[in-house]
Amino acid sequence: MQQPLGLMSAARRALPALRGMPMALLALLAVCGVVVLLAASALGGWELLRAGLQSTAGGWSLHPLQRALTQHYMLLGPLRNSLLLAVPVALLATCAGGLLAWFAVRTDLPAGRWLLAAVALPHIIPGFQLASAWVELFSHGGVWQAVFGAAAPVAAYGYGAIVAVMTLHLMLFPYLLVVANLQAADPALEEAARIAGLSPAQVVARITVPLARPALTASVLLVFAYVMEEFGIPSLLGTPTGFDTLTTRIYGLATTPPLDLSGAAVLAWLLGAVALVVLWAQLRLLGGQRLETLSGKASRHSVVRLGRWRWPAAVGVWGVVLAAALAPLLALGLVSLLDSWGQGYGPDNWTLQRYRALWHSEELRRALRNTVSLATGSAALATMIAVAVAVTVHRLPAGGPRRLGILADRVSFVAFALPGLVVGLALILAFSGGWMPLYGTAWLLLLAYVLRFSGVGVRSVAARLMQIGAELEAAGAVAGLSRLRVLARIVLPLLRPALVGSVVLVFVNAVKEISATSLLASQGSETLAYEAYVRFQEGNYTQGSAVSMVMIGMVLCMLLLGRWLGRGSTAEVT
Amino acid sequence: MTAITIDRLGKRYAGQPVLHELSLQVRAGELLTLLGASGSGKTTLLRILAGLERADAGSVRFGDTVVQDARVFLPPQRRGLGMVFQSYALWPHLDVAGNLALALREQGIGRGEITRRVDEALQTVGLAGMQRRAIHQLSGGQQQRVALARALVAQPRVLLMDEPLSNLDAGLRDELRDQIRALQQRLGMTTVFVTHDQTEALALSDRIALLHQGRLVALGTPESIYQQPPSAYVAQFLGKANVLRARWDGSALRIGSVVLPASVPDAVAAGQEVTVIVRPQNVCWADAAPADAAVIAAHVLQSHLLGAVREYRLAVPALDNDLTMTELSTQPLREGAQRIKLPQAALRVLPSPQTEGAADG
């Protein structure tokens, strides 16, 4: 950071005419980014709509829609399967996450504050890699059998496996929502119930859970939406047993010859509509009933003493949580070291060959390079767009540019809520052939990631921007700084935590992205996620696991770097 | 030194007028206080002077430079201002020296010169050696001084202060008030100071401009505006005042059944209704007053010790009114039936009748 800034200021001193140029260039780039984002969304949306209303001959027709509705395997079957997954996973994950949140916040469970790390780990690992770890653990001849000498107690593939892996993967959301809710609740509400004569268990049932209801409902909706759009897990665990969801059916229709892009488009409408309805319900929920519990004294909670249950609870909770968090990682790590799959797990069968392949195999090296540049590029672009959009919406007076900013804000939000497969399909339809044949290039992946993840940046930057008191900027203007200088010298430095957050989150999401990537990547534009996914799909678990371990390492490093860069950011900004 | 000429400024928010054709001249080098209740338009006027708001009508000149009229609008960064904000608005990502240096650096001033001026400004406000402190490590009073130093460091033509003392506790407020006054007099900088606190305004100002509902209702030195308020509203805003209705019979004032000798403005004709304002400290006990005034019977309803003075609430049936009275608390406490006098010099007579209802702000 220091070096380029130093160069810039040197250049500025040498050429007074250049004052403010880098800022102006960045601003211009960001505005171009916003325009491209809006244009691509409009084009993609239009092409997706058109594709679903086209006959094979080319004219307008309701035939694809009719076909999808009448042929069970196309729409109704996958829809039923998706719902069969989404409802139980939403409930299970909310119960499990909520219970763990209660243990962490309200009880004297040993090391309770470390539960977050344990719950976060299975979410940090991309879903399809968690699914592969499940297979490595529980398939015939898998790690479980090798360790315990008996057949695994659970199925490696199929419905139950998908439910388990998804619950594990998505438990983090309910955990975070309920923790925030519990910490915000006024402790006096529970204390008053104790004084009124309720037992600790009754307090939980009568006060804590009802107070947490908005968070629980929000969790159910959020997990439901994520299950509906999840592609990697059902693709690896469901497709082999013939269990298809909406996402895997779209993938099949769009990638398996004979291609049926019209049919895929109709399914994408449905999937997109579900995502938007859930989003709408969530916004209503959050906008409508906000519980008036925030007293600002979150620390002084009366703790529920587990008493003689403390150590049994600790063993139970930590046993399950640690097994769930670490077993997948250990399985991936172990399998990534194996020389040949099926020859046992002992050190005599170990090799670093799969890791060396990342440098020696041209394809994997390209994937590594692509992943790093795509993740960096999309993180930088999405963050610049986020700043442009947030500043336009929250700092400009009403008018044309502001209206454009509000539109971009909404579009980025919707694009983030849409399933990756829907975005990917729309981009294929818009950019394969025609006047801008980007399909097959890494540029289309960059566009997809910026489109999908700008919303993350916009949320984070806008939230921070709203915390910055207007007087801080007025003081800059009064002191003689132009608008652009106020932005550069006061607003951007104060936004630093949000900028770091945005860069880190977009980077991490881009590294992990598989659902749009599975449609858009091809030879030359592979990413590590794509390579790992393809290896797992082919049954090459050793190479897939090695690539996965490298990706997980990248993601963890980025998250730690973000924590470090965003430190000391609690200073008041109003 | 720069005079500020404000000519017929008008401003509306969502159709509601906030400033009505307001005209005012701030003399070069003076400290003028904009005093008023919340909603009086004083902060809006200050923000228009700063260029943070744009007036709908009228003009503002700094010296000979028009900074705002129907055609011209000079943005804040080109007005050459220093401003102290109510929240101080210190940039939390910069340390003390960084806050002071930011604008200087942007002007392209050399490093040595910046250091010299920053040190000098900190010296001026009594914070020498605090250059490297982070903002959140400072106490409220220190933050206030840094804000002042930041406003002074660029040697502005005009200094604007928006309720700069309102976030401090009482003792510190008085101390800093006196320091600001001494500093302003030493630097001789044209200063506009916004406050809702009349004590602050009286203690600090060369002149006070009192605003009420977007209009200028009084302008003058603290002495003149306090002693000769132009209206009952002004009298009551600047401190406690008894407001009485009276009739001028050509030679004396008649209030209820009491006849008081008084001098009245020339414009007042015999038989006309007038308003009489009496400050509580000017009400006297009959046994301690000059001989010329009428003796009036009164009854002590309540008394409060306020520290240096004691305040009485008196029922005065002959005046059809209750009166507030204060005297030094070293005097003996009185109770029950008493007699009072209203000396001629204590009566401020205003020509048009003013009801107390006008003073509800």
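The values are calculated or read from the model by the stated rules, or taken from the named source; none is laboratory data. This is a predicted model, so every value here is computed, not measured. Counting neighbours? That spans all protein chains shown, and the Cβs are built from the backbone with ideal geometry, glycine included. Remember, those area values only see protein heavy atoms, side chains included, never the ligands or the DNA or RNA. Shrake-Rupley method; radii C 1.70, N 1.55, O 1.52, S 1.80 Å.
Heavy-atom accessible area for residue A:431, with the other protein chains in place and a 1.4 Å probe, reaches approximately 10 Å². Legend: residues B:56, B:69, sorted from most to least accessible area (1.4 Å probe; ligands, DNA and RNA excluded), read B:56, B:69.
Kirkwood hydrodynamic radius of region A:182-241 from all distinct Cα pairs, in Å? Don't jump to the answer; show the numbers that get you there.
Values: mean 1/r = 0.0701 Å⁻¹.
Kirkwood radius, region A:182-241: 14.3 Å.
Angle check, please: helix B:111-124 long axis (alpha carbons) against the longest principal axis of chain B (alpha carbons), in degrees 0 to 90, nearest 10. Taking the Cα atoms of chain B, the angle to B:111-124 is about 20 degrees. Taken per residue, the accessible surface of the protein assembly as shown reaches 45 Å², heavy atoms only and a 1.4 Å probe.
In this view, the solvent-accessible surface of residue A:31, computed with a 1.4 Å probe and all protein chains in place, comes to about 80 Å².
Comparing the full protein assembly with the isolated chain, the residues of region A:484-513 losing at least 10 square angstrom of accessible surface (1.4 Å probe) are A:485, A:489, A:490, A:493, A:494. The order of B:299, B:136 by accessible area, most exposed first and with a 1.4 Å probe, is B:136, B:299.
Here the label points at residue B:301 and residue A:351, each 7 Å from Cα along the C-beta direction, are separated by 10.3 nm in the simple model. Considering only B:172, B:24, B:333, the mean-square fluctuation computed in a Gaussian network model of chain B, springs between alpha carbons under 10 angstrom, is largest for B:333.
With K and R counted +1 and D and E -1, the other residues having a Cβ less than 13 Å from that of residue A:387 yield a net charge of +3. Residues in region A:269-277 carry Karplus couplings, in order, of 4, 4, 5, x, 4, 4, 4, 5, 5 Hz; the curve used is 6.51 cos²θ - 1.76 cosθ + 1.60 with θ = phi - 60°, and Gly or Pro positions show x. Placing A:330, A:559, B:306 in order of accessible area, with the largest value first and a 1.4 Å probe, yields A:330, B:306, A:559. 3J(HN,Hα) couplings calculated from phi for region A:185-191 with the Karplus curve 6.51 cos²θ - 1.76 cosθ + 1.60 (θ = phi - 60°) are, in sequence order, 5, 5, x, 4, 5, 6, 4 Hz; Gly and Pro show x.
Modelling each spin label as a point 7 Å along the Cα-to-Cβ direction, I'd like the residue A:376/residue B:57 distance in nm, to one decimal. So the label points at residue A:376 and residue B:57 sit 6.1 nm apart. Keeping the other protein chains in place, figure out the carbon and sulfur percent of the accessible area of region B:18-94, with a 1.4 Å probe. Here carbon and sulfur together make up 44 percent of the probe-accessible area. Compared with the dominant Cα axis of chain B, that is its longest principal axis, helix B:170-187 is turned about 70°.
Note on residue A:441/residue A:322: beta-carbon distance plugged into 1/(1 + (r/R0)^6) with R0 of 51 Å gives a FRET efficiency of 0.75. Per-residue Karplus couplings for region A:72-81, computed as 6.51 cos²θ - 1.76 cosθ + 1.60 with θ equal to phi - 60°, are listed in order as 4, 5, 7, 10, 5, x, x, 5, 4, 5 Hz, Gly and Pro entered as x.
Ligands, DNA and RNA excluded, the heavy atoms of residue A:95 present near 90 Å² of accessible surface to a 1.4 Å solvent probe. The portion of the accessible surface of region B:199-341 made up by carbon and sulfur, rounded to a whole percent, is 51 (1.4 Å probe; DNA, RNA and ligands excluded). How far is helix B:140-153 tilted, in degrees, relative to the longest principal axis of the Cα atoms in chain B, given as a value from 0 to 90 rounded to the nearest 10? Taking the Cα atoms of chain B, the angle to B:140-153 is about 60 degrees.
Using equal-weight Cα scatterers in the Debye expression, the normalised intensity of region B:147-283 in log10 at q = 0.10 Å⁻¹ is -0.47. Largest GNM mean-square fluctuation across B:83, B:161, B:325, computed for chain B with C-alpha springs under 10 Å, falls on B:325. Just round it to a whole percent: the fraction of Cα-Cα distances in the protein assembly as shown exceeding 41 Å. Result for the distance tail: 56 percent. Buried surface between chains B and A: roughly 1800 Å² of accessible area, summed over both sides, computed with a 1.4 Å probe on protein heavy atoms only. Computed about the Cα centre, the dipole magnitude for chain A is approximately 1660 debye when only Lys and Arg (+1) and Asp and Glu (-1) carry charge, each at its Cβ. The mean count of C-beta atoms from other chains within 10 Å of the C-beta of residues in B:75-85, rounded to a whole number, is 5. Within the listed set B:65, B:330, B:43, the residue fluctuating most in the Gaussian network model of chain B (springs between alpha-carbon atoms under 10 angstrom) is B:330. Reducing region A:382-437 and region B:245-300 to their Cα centroids gives an inter-centroid distance of 76 Å.
Helix-only arithmetic for the protein assembly as shown: the sum of -39500 (n - 2.57) across DSSP H runs with n ≥ 4, divided by the residue total, places the mean residue ellipticity at 222 nm at -17000 deg cm²/dmol.
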